[in-house]
């Protein structure tokens, strides 16, 4: 299907980092089954580095591809870099998404940040709440 | 490739293609022209009209060629509304799960002051004649109910509903785009006043359809500019398309009984096999459904990803998921039969025709459970259902 770029299809067909991390250091889940997509990200953090990351996604092709790409982008990165992840960067890494699918990349960004927030909260690490606001389902307006 | 999206469109038959070719090549005349080649085109038009009329149990003069089912729906509904309005009747009855060609036209009429009642279709996607009878008012000018639903395939009790409308003296229109040339329809015996159909749903070409309008019922044109179709549809006739539609329709009607038997057997085997998938449900009526329609919801997964994976396996299917509709809401049809949003997102429609084979059904019965399993394994929704953190909706 020409709806998606080769990159999107590659990450959809061969998603990277699918699964669960037992005893994860941070877990974030965003989206709503009513809207048709939910993403869950698990982080394993050692020192200041994201040593492992896994995801589970209920959603369309671009939702799965966006999650997969986002996990690739943060794996092995310093924790502080996660704050810099944007949906735009995910879209660019995927060689673009159709306009009505952009919310999938937003969900991916939000899932990562939600997992990061969970990590900070659990470990009593202070952060600027403006950088990690509570996620609402703004993208889908249901 | 396994093509299982025949409700979206069909591959043209050899008969339909062969019928069309002469009118693209040597017989290119305009039926309105007086010269020989024009008149030959006119004769072909007349013959096509007779063929279509025969297939529907109508008179040739009651057949109007249009650009397709959507135009026919628009024209039928607009005409009945105009007739009604002239008599002070501005109430229209339809159902919640019509095609958008009907629903959007009704929405516009609603904005123009019409009062529209959309009947519930129940969990199996069926409307009853009693519901229609109860909904008809003094000021009802039109009842428009589809013959069979395009997504879930449920076949409505059209003869009974039409009989109610006749008794109550209300115009009855049916969108028969999915039903025509697939199941027996006789507009006279079934008291149908207006009916829409489309050529490409039965191996005919795209861009051509039919509006049947009972003699004596006033039709108003949507397109002005010429005397074609008895002044009801301006524009030089799509002769190649019309001739081809008629040929496809005749072929389908001539073989209807055997096609129904063959396709129903394929359908029922597919339904029986897919029903084995846990936490799934068949959408639509178990028996009163189009011969080729199979529609399931699978809990815990989303439809578009199913379609993409099936496409990778060479299977063409369709879904009522929001992601495939380009909107945020899943199919209005699945919502109308009471499926919750999260279940409706996980729908899959496989629509068969007489060219599908037993081997293809086998292949689909292998591929679909595999895809469902794969997607469930990466779904956080499925994990929560499995762990008991949330409750299954589907058994």
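The values are calculated or read from the model by the stated rules, or taken from the named source; none is laboratory data. On a predicted model such as this, the values are computed, not experimentally measured, just so you know. So basically every Cβ, Gly included, is an ideal-geometry build from the backbone, and we count neighbours across all protein chains shown.
For region A:5-37, the set of residues classified as within 14 Å of chain B (Cβ to nearest Cβ), at pLDDT 95 or above and touching a helix residue (DSSP H, G or I) at 6+ places or on another chain (Cβ under 7 Å) consists of A:8, A:11, A:12, A:13, A:15, A:16, A:17, A:27, A:28, A:29, A:30, listed by residue number. Within region B:376-395, the residues that satisfy the criterion of being more than 8 Å from chain A (Cβ to nearest Cβ) and touching a helix residue (DSSP H, G or I) at 6+ places or on another chain (Cβ under 6 Å) are B:376, B:390, B:392, B:393.
Look at (1) touching a residue at least 60 places away in the same chain (Cβ under 8 Å); (2) facing another protein chain (nearest Cβ under 8 Å) and you find that residue A:58 fails only one, number (1). Scanning region A:61-94 for residues being in contact with a helix residue (DSSP H, G or I) (Cβ under 8 Å, 6 or more places away or on another chain), surrounded by fewer than 17 Cβ atoms within 10 Å (Cβ to Cβ) and free of Cβ contacts under 8 Å to residues at least 40 places away in the same chain gives a total of 4. Against the test of being assigned by TED's automatic domain parsing to the domain that holds residue B:97, farther than 18 Å from residue B:62 by Cβ and more than 14 Å from the chain's Cα centre (by Cα), the options B:187, B:164 yield a single qualifying residue, B:164. Within region B:377-392, the set of residues being within 13 Å of residue A:33 (Cβ to Cβ) and part of a helix (DSSP H, G or I) comprises B:380, B:381, B:382, B:383, B:384, B:385.
Residues of region B:359-366 include none that is surrounded by fewer than 19 Cβ atoms within 10 Å (Cβ to Cβ) and at positive phi. Here the condition is being surrounded by 18 or more Cβ atoms within 10 Å (Cβ to Cβ), within 14 Å of chain A (Cβ to nearest Cβ) and either in a helix (DSSP H, G or I) or touching a strand residue (DSSP E or B) at 6+ places or on another chain (Cβ under 7 Å) (or both); of B:333, B:371, it holds for B:371 alone.
Taken over region B:45-88, the criterion of being in a loop (DSSP other than H, G, I, E, B) and crowded, with 21+ Cβ neighbours inside 10 Å is satisfied by B:58, B:68. In region B:188-200, what residues are buried (at least 24 other Cβ atoms within 10 Å of the Cβ), under 20 Å from residue B:170 (Cα atoms) and in contact with a helix residue (DSSP H, G or I) (Cβ under 6 Å, 6 or more places away or on another chain)? B:192, B:194, B:196 - these are the residues of region B:188-200 that are buried (at least 24 other Cβ atoms within 10 Å of the Cβ), under 20 Å from residue B:170 (Cα atoms) and in contact with a helix residue (DSSP H, G or I) (Cβ under 6 Å, 6 or more places away or on another chain). Against the list (1) at positive phi; (2) within 12 Å of another protein chain (Cβ to nearest Cβ), the condition residue A:47 fails is (2).
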